[in-house]
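The values are calculated or read from the model by the stated rules, or taken from the named source; none is laboratory data. Everything quoted here is computed from the prediction, not taken from an experiment. Because the Cβ atoms are built from the backbone with ideal geometry, glycine has one as well, and the counts that use them run over all protein chains shown.
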Amino acid sequence: MVTYFIPIRSIEVRLPEFQSVDDWLKYINMEKYWEAFQANGVNTLNKVTQLNEEDLKEIGIKLVGHRNKMKKSIKAMKSQYHNKGIDEDEVTQ
């Protein structure tokens, strides 16, 4: 038996340019958490891109699947900013 190894490249996820945290949450179908984000002062996309697992738990995202979905989207958003040469500090919305 011959085994071939095929390198798998990561798939680039292209996200729309969000104007607000609300837009982002709607895009990932997590708008039910909008009030929790607002109550915890996460009201800009810059703040969203700095969130980690513990932050999401503290905000009140209890379901691991929802946190994973948010983390994946945050990672894609950060990557997109990096690829465009945008410093995360420049993201103000």
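Here is a check on your reading of the model: is K69 on the phi < 0 side of the Ramachandran plot and either among the β-branched types (V, I, T) or surrounded by 15 or more Cβ atoms within 10 Å (Cβ to Cβ) (or both)?
Yes; evaluated as a whole, the condition is true for this residue.
With a cut-off of at least 1 residues that are over 22 Å from Y81 (Cα atoms), name the helices (runs of 4 or more DSSP H) lying wholly within the stretch 23-67.
The qualifying helices (runs of 4 or more DSSP H) are 34-39, 53-59.
Let's see how each residue does on (1) at pLDDT 95 or above; (2) over 14 Å from D23 (Cβ atoms); (3) surrounded by 18 or more Cβ atoms within 10 Å (Cβ to Cβ):
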{"position": "F37", "(1), (2), (3)": "yes, no, yes"}
{"position": "N40", "(1), (2), (3)": "yes, yes, no"}
{"position": "E53", "(1), (2), (3)": "yes, yes, no"}
{"position": "K62", "(1), (2), (3)": "yes, yes, no"}
{"position": "A76", "(1), (2), (3)": "no, yes, no"}
